[in-house]
Structure formats: C-alpha cells, structure tokens
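The values are calculated or read from the model by the stated rules, or taken from the named source; none is laboratory data. Predicted model, so just to flag it, every value in this text is computed and none were measured. Cβ coordinates were reconstructed from backbone atoms using ideal geometry, including for glycine residues, and neighbour counts include every protein chain displayed.
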Amino acid sequence: MKKILVTGYNGFIGTLLVKLLKEQGYSVVGLDTGFYGPECALFQADTEKDITILKRDSREATEKDLEDIYAVCHLAALSNDPLGKINSDLTYDINYKASVELARLCKKAGVPKYIYSSSCSLYGKAGDEALSETAEFSPITAYAKSKVMSEQELLPMGDADFCVTSLRNATAYGLSPKLRLDLVVNDLVGWAVVTKKIKIMSDGTPWRPLVHAEDIARAFIAVIEAPTETVNKQAFNVGMDSENFRVKEVAQMVGEVIPGCEIVITGEHGSDSRSYRVDFGKIKKTLPNFKPQWTLKKGIEQVYEGYLKYKMDEEKFNGRYFVRLRQIQHLMDSGLVNSNLYWKK
Ligand SMILES: NC(=O)c1ccc[n+]([C@@H]2O[C@H](COP(=O)([O-])OP(=O)(O)OC[C@H]3O[C@@H](n4cnc5c(N)ncnc54)[C@H](O)[C@@H]3O)[C@@H](O)[C@H]2O)c1
C-alpha cells in the first residue's frame, strides 16, 4: 500500500484529498499545524480516522517524517491573498521557503514524488485570452508571488529519481468539512442564503477559472498515479475550459439556483485587478485519468444544500471560523500563536 503524506491535510482541500486517498486504498500521513481546528468545521468528518497524524509546522518537518513515503502532496500554506497582508514575510516563509526546504528533504530522503499545490493566481492580471502553462506570470499579491517563487525553485529540482509536479489550481469552491467562505462561489452562495442579496464587491467583470475542491483532489491522485516521465518538472493548470466565468456570471448562476435573490454590484473594490482566463488543455491531454466530476452549477447546488443542512446563518457567515484571515488574526490577537505563527507552548 503506497504511503502518501498530505501537508495541510486539515484544510478545505486537504480533508477532501485525504478522504479520496483513503477510499482508493492509499495509506495516509497527515501533517498540519492545525490553524483551523474542530471549531472551524462546518460539519464533523472522519478525516483523522485510520491516518497517521503529525501535528507539525511545515517549517519544522524532518527527514524522519518522510520515511517510506511514496508521494508528498504539499498543500500547507497561508492560503489566500488577504493573509499575505498580515505580514508578507510569513507568506514567503511558509508558502515559499518551507515548500522548497521540504522538497530538499524529500529528495534527500528518497521520496519519489513531490506535488506542489500552486495556483492560477500566478497569472495575475491578464486579458480575455485563455492562458496556458507557458504564459507569462504576472503575480499581484504576496500569495501569488510566493507560488511563482516556489515553482521556479521546485521544478528544476526534478530528476530521474525525484519527480516534481506543480498543480496550478483554479479558484476552488464546494462543500468541505473545513469550509472556506473566502472563495468567490462559497461566498456568493453565503450572501444569497443569509441576506437574499448576492453581493459583489468588484464591478463583476473579472474572469475566474473555477474548480470544485474535490476535483483538485482528483488531480493530485492523477499525478500520483501518472508515469513519472509525463509529469516530472511539469506544471499543470487544474480545471476545465468550460469553467472560466466572469464574477457576475457566477452571481447570475447563484441567483438561478437560489430563488428570490437580488444581485447587488457594489463596485466598492473597483475593477478587481486579478482577472485571468485559463486554458486547461494540457492536463486533459497529459493526464487522461484526471476526470473532473463537477460543474459550477452542480457545485452551487451542493453548497446551497450544505448551507441549508448545516444551518449557515448570519453569525456563522460573519464569524471567524470559515474566513482564513479572521481565524489567523484571532489566533494572533488572543496570543495562542506568536507573531511568526508558531503555537505558544
Ligand atoms: N482553495 C483554493 O481556491 C486554492 C486555489 C489554488 C491553490 N490553493 C492552494 O491549495 C492549498 C490548500 O488550500 P486550502 O484552500 O485547502 O487552504 P486551507 O487554508 O483551508 O488549508 C491550509 C492548511 O494548511 C495548514 N497550514 C498552514 N500553514 C501551515 C504550516 N506552516 N505548517 C503546517 N500546516 C500549515 C492549515 O492549518 C490548513 O489546515 C494551499 O497551498 C493553497 O494555496 C488553493
């Protein structure tokens, strides 16, 4: 049974990846520092059942953690743009330096595969043309820059014995035990359920490629299973060509699924400078085992039903548990972690 180490296993995508890996018969080791504990769960799941847990900061991973590991799926990160604003150095330390250091350790320990969770946000501001993996980077935030810097050091590390792949995920949506509301689809459905108003802060024109978090998990598994020569030193956009939308189109679709809502375009954030359409031809062609199962419409329906079932209300919607920046700020303000985001002993 192949052993897979998932860093960030206790997050939005990680919990879904662990579930799929277990279902497919892999043995799983989860490494996570635990910023989003049980209080940050929309619903309880058995993520930790039958896996080995390393409650560890990725900056403190050791070679021993990597014993007998076949592949590392590296998801642990400060996972969005606003988090980079607390202290951009932390975003670089965790998302970039620790990712490269972990890959070095993997190489030393003889781990055959390392799969990095990158992001389409490294394309930053682009026009209406769909961008393939060879497009220029134009990262706008510390978060996006940390993904570019990581890829630039990680991919050249690949060799005959060490396979390195970067998955440039589209913006995720969907239901997960560790829900995130700071993602456009989950957020717009939240507005609709809680206020009956679908509120867009930008002018609604930016392009966003969207993908269900579970399909991102499927992409990781497709890379684990792919022959090394097809994925080594390669970056793949993760999503589907049909799933590029303008934010206002997403809002319209949310309005079609949830009756009686009004779309409000506040425009208070102006024309969001992050806008990119993405070409997903490479992953489709190179990884035929990657079979995404969600479309935006189905995903909106899933999230809507989940919010009704788990009683999404104003308190939850406006609270800290499902918004990464608020939870991290809380951990810092309450002194649970120090200014470098290490837990206080
Ligand atoms: N969700 C998206 O739309 C999206 C899109 C593209 C890329 N990604 C990338 O995928 C990965 C997972 O995203 P997510 O949405 O599940 O994020 P998330 O915030 O829900 O999960 C991240 C997990 O990593 C853990 N973590 C953070 N810093 C850590 C550290 N220093 N040491 C150990 N654990 C740490 C957190 O505790 C959390 O459980 C991230 O690398 C993110 O940048 C996400």
Is it the case that some residue within segment 44-61 is surrounded by 21 or more Cβ atoms within 10 Å (Cβ to Cβ), part of a helix (DSSP H, G or I), free of Cβ contacts under 8 Å to residues at least 60 places away in the same chain and within 11 Å of the ligand (Cβ to nearest atom)? yes
Taking segment 1-38 and keeping residues touching a residue at least 40 places away in the same chain (Cβ under 8 Å) and hydrophobic (A, V, I, L, M, F, W, C) leaves 4, 5, 6, 12, 13, 16, 17, 20, 21, 29, 31, 35
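Inspect all residues belonging to segment 134-142 and state whether any of them is more than 14 Å from the ligand (Cβ to nearest atom), under 19 Å from residue 210 (Cβ atoms) and not polar (S, T, N, Q).
The initial filter retains those residues of segment 134-142 that are more than 14 Å from the ligand (Cβ to nearest atom), namely 134-138, 140.
Next, only the ones that are under 19 Å from residue 210 (Cβ atoms) stay: 135, 140.
Those left that are additionally not polar (S, T, N, Q): 135, 140.
Yes - at least one qualifying residue is present in segment 134-142.
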Evaluate segment 324-334: report whether one residue or more is surrounded by 15 or more Cβ atoms within 10 Å (Cβ to Cβ) and outside any helix (DSSP H, G or I).
no
For segment 13-38, the count of residues that are among the acidic types (Asp, Glu) and away from the ligand (no atom under 13 Å from the Cβ) equals 1
In the set 156, 139, the lone residue that is touching a residue at least 12 places away in the same chain (Cβ under 8 Å), out of contact with any Asp or Glu (no Cβ under 8 Å at 6 or more places or on another chain), surrounded by fewer than 24 Cβ atoms within 10 Å (Cβ to Cβ) and in a loop (DSSP other than H, G, I, E, B) is 139
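For the subset of segment 67-92 comprising residues that are among the acidic types (Asp, Glu) and over 18 Å from the mean Cα position of the chain (by Cα), which member is farthest from the ligand (Cβ to nearest atom)?
Initially, segment 67-92 is screened for residues among the acidic types (Asp, Glu), giving 67-68, 81, 89.
Keeping just the survivors that are over 18 Å from the mean Cα position of the chain (by Cα) gives 67-68, 89.
Working: 67: 19, 68: 20, 89: 13 Å.
Among them, the one singled out is 68.
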Sole miss for residue 134 among (1) at pLDDT 95 or above; (2) β-branched (Val, Ile, Thr); (3) touching a Ser or Thr at 6+ places or on another chain (Cβ under 8 Å) is condition (3)
Would you mind stating whether residue 88 is among the hydroxyl-bearing types (Ser, Thr, Tyr), over 25 Å from residue 2 (Cβ atoms) and surrounded by fewer than 19 Cβ atoms within 10 Å (Cβ to Cβ)? yes
